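Notes for the one structure printed next.
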Amino acid sequence: MTKKCTIFYVSDGTAITAETVGHSLISQFQDISFDEIRLPFVDNKEKALIAAAQIKQAGKDCQPLVINTVVDIELRKIIHSGGGLKLDPFNRLLRKIEKNLGVKRSPVVGLAHGITNSKAYGKRIDATNYALTHDDGVSINYDDADLILLGVSRSGKTPTCLYLALQYGVKAANYPLTVEDLDKMQIPPQILKHKQKIYGLTIDPFRLSQIRSERRPNSEYAKMRQCQREVSDAEALFLRNGIQYLSTTHTSIEEISGKVLLALNLTNKLH
């Protein structure tokens with residue numbers, strides 16, 4: 001029987017940072033089933049007491065893990081009174097930085113996700129709008145694109161493009177390889193002319209069939225045979241045109257994005 005445990009991501013802000021750190025940590029324990037609970041905006045005593053009570057309640061069978069990025073020391077103490085295992089990566093690191101710099105920190109709630117650089121923020125917004133207007137071949141004018149993702153329908157193109165835009169300010173477009181494209185074994189010339197920007201995504205046919213069945217059950221589109229054919233033809237098309245590609249089957253969006261940026265030499269353009 002798989003062991004189960006609860007992990008809490010507690011923050012006086014969005015808790016996105018705590019959650020990101022937590023995902024990296026718990027991914028190292030494949031035999032444990034984690035129930036992940038995010039508690040954002042814990043910024044007063046009442047909310048801290050509620051968080052502590054939730055942690056205490058979850059600790060009946062297994063001591064819960066608690067990644068706590070709350071700035072206020074008193075609130076942190078209340079949260080940890082819930083009895084969870086304190087995983088506090090930032091406090092210890094900040095103390096070391098203070099010692100090294102000879103300067104005390106100036107704790108500010110929510111600063112990590114605040115708009116500290118309006119130019120970079122504007123770039124991310126522009127890139128997100130670009131990803132939305134160049135999603136799934138809606139517009140194939142890719143002159144301004146930083147990169148173009150190709151792949152069969154439901155291979156992970158859209159979420160990857162949006163992540164690249166929101167996280168890095170990268171203008172990412174995507175084009176779905178249609179049955180017609182695959183029958184011709186040809187990438188449309190108006191796309192292929194941007195070959196240096198193109199990267200391919202593929203996926204295991206069985207997983208693709210599962211995903212498509214959730215969207216359109218009992219359809220030809222979701223049948224295993226159709227998925228096998230499309231994936232095989234798409235990979236052959238990538239190889240024929242010398243396009244790099246990777247499988248999204250067991251790869252997170254974060255990892256896909258990192259590999260795409262590295263492969264297309266875009267890491268030096270990030271804000």
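Using a 10 Å Cβ count of at most 13 others and DSSP loop calls, identify the longest part of the chain lacking such trypsin sites (Lys or Arg not before Pro). With a cap of 13 other Cβ atoms within 10 Å, the longest stretch comes to 106-192.
Per DSSP helix of 4 or more residues, -39500 (n - 2.57); summed, then divided by the residues of the chain. What does that give at 222 nm, rounded to the nearest 500?
Here the helix-only value at 222 nm equals -14000 deg cm²/dmol.
For segment 193-239, the Cβ-based charge dipole about the Cα centre amounts to some 200 debye (Lys, Arg positive; Asp, Glu negative; other atoms uncharged). Length available on full extension from Asp144 to Lys99: 0.36 nm per residue minus the Cα-Cα distance, which gives 11.6 nm.
Packing here is the average count of other Cβ atoms within 10 Å per residue, and on that basis the peptides 144-151, 8-15, highest first, run 8-15, 144-151. Could you pull out the GluC sites (Glu not before Pro) across segment 1-92 that fall in loop regions by DSSP (anything but H, G, I, E, B) with no more than 14 other Cβ atoms inside 10 Å? Qualifying residues, ordered by number: none. Could you compute the FRET efficiency for Leu166 and Lys56, with r as their C-beta to C-beta distance and R0 at 35 Å, rounded to 0.05? Here the calculated transfer efficiency is 0.50.
Give the residue from Leu239, Gly84, Ala15 lying farthest towards the positive end of the charge dipole for the chain; charges sit on Cβ (+1 for Lys and Arg, -1 for Asp and Glu) and the dipole is referred to the Cα centre. The residue sitting most towards the positive pole is Gly84. The Cα center of segment 16-67 and the Cα center of segment 122-190 differ in position by 35 Å.
Coordinate-derived values only; no laboratory data. Please read these numbers as outputs of a predicted model, since none were measured by experiment. Neighbour counts are summed over all protein chains in view; Cβ atoms, including those assigned to glycine, are modelled from backbone coordinates with ideal geometry.
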